[in-house]
Amino acid sequence: MLTPHQLAILRQDLRTLAHIEYEEVENELLDHYATLTEQKMAEGHDFEQASSYAWAELGAGAGLNAIQRDFEKNIRKQISARHLEILKSYFRWPTVVTTVLIGVLLHYITPLIPARFILTGIYFTILTPIGILYYSYLKRRGQGSDSRKIIWTHLNARVAFFVNIFHASLSISFQGEGAAKVHFFQTHATILCILECIVIVYLFSFVQVYNENFRYKTA
């Protein structure tokens, strides 16, 4: 059996030499690394030699990095599939009833909003995901070695879609005079309605995805 100090040395190898980033991957590899080292020590090698042989058998830095990349790819694939499944669920029975009711409600309420609030509504609808984008960036940085930061990276990329919409809306709103700009969005209230529905659906889907637990799955 390896001592706690020896295990700490092996763990440090994984972090500094192989740059293993995720705790889940690190713990799995450490178990294999330690087992191989113990086997080599049982054959008569000292700890330093045994760990060197074990490191080579694991594939050294390049081989271990390949394992980590496969882990990331596997988790991302699961997240994308689950996120799409959640989005589709809003348009299946019986959830689709709630989705339609919210859409109809927004469709009838939006034209009743005073003209001066139309543009404000557009900006608020688009700026909300931008706030989420910034929050997800901070959250991802704060995850450290937690594999859940892969989820935040996924959400960050998806919310970036709304940032592009925001820039497009700015481009449209700066065309023409102030009254004309407001009139355009008031006349085409469906635009705001659709944007609001998309944002609401995405916000709920983000919350659901984050509450999911994803684990590495072998083929």
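The values are calculated or read from the model by the stated rules, or taken from the named source; none is laboratory data. As the structure is a prediction and not an experimental result, all values here were calculated from the model. In this analysis, Cβ positions are derived from the backbone assuming ideal geometry, glycine residues included, and neighbour counts consider all displayed protein chains. Ligands, DNA and RNA are excluded from the accessible area calculation, which covers all protein heavy atoms including side chains. Shrake-Rupley method; radii C 1.70, N 1.55, O 1.52, S 1.80 Å.
Remarks
- Scanning the range 1-29 for residues that are surrounded by 18 or more Cβ atoms within 10 Å (Cβ to Cβ) and in contact with a Leu (Cβ under 7 Å, 6 or more places away or on another chain) turns up Leu10, Leu14, Ala18, Ile20, Glu26, Leu29.
- Some residue of the range 61-81 being open to solvent by less than 20 Å² (accessible area, probe 1.4 Å), among the aliphatic types (A, V, I, L, M), touching a residue at least 12 places away in the same chain (Cβ under 8 Å) and within 30 Å of Val100 (Cβ to Cβ): yes
- Flag for Ala54 being buried (at least 18 other Cβ atoms within 10 Å of the Cβ) and modelled with pLDDT of 90 or more: yes
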